[in-house]
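The values are calculated or read from the model by the stated rules, or taken from the named source; none is laboratory data. Keep in mind that this is a model prediction, so the values were computed, not measured. Here the Cβ is made from the backbone with ideal geometry for all residues, glycine too, and neighbour counts use every protein chain on show.
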Amino acid sequence: MADKLQQTAQGASDQAQKGASEGSKKWDAMSEEQKKSTFDKLPSDQKKGKSYYEWVADGYHHQYENWMPWIEDQYLKWFSKDNKASYATKGM
């Protein structure tokens, strides 16, 4: 039962990583001018009064928030026998 749950969780994690990776590759392939053009084409309600640089900074922050949990899990998996949940409850 626990193995099946772990496999399901791993599959969901892999799928999310793949989707995020594809979006990142498309963004990285764009030139600075293409990124500015994309921003200029956004409706004003999506810009929320932000400048291009604020919009890009928010995008990078969002990407960081999406990737960091996965990176932390991978680090713990490679260098210890823990995952984040077991690591957080250690010593309680």
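The helices (runs of 4 or more DSSP H) found wholly in the stretch 21-92 and carrying at least 3 residues that are touching a Lys or Arg at 6+ places or on another chain (Cβ under 7 Å) occupy 52-79.
Got a sec? Which of ASP14, ASP28 is modelled with pLDDT of 75 or more and acidic (Asp, Glu)?
Numbers: ASP14 fails: modelled with pLDDT of 75 or more.
Step by step, each of ASP14, ASP28 is checked, and only ASP28 is modelled with pLDDT of 75 or more and acidic (Asp, Glu).
Looking across ASP82, ASP45, ASP40, one residue alone is modelled with pLDDT under 85 and loosely packed, with under 11 Cβ neighbours inside 10 Å. It is ASP45.
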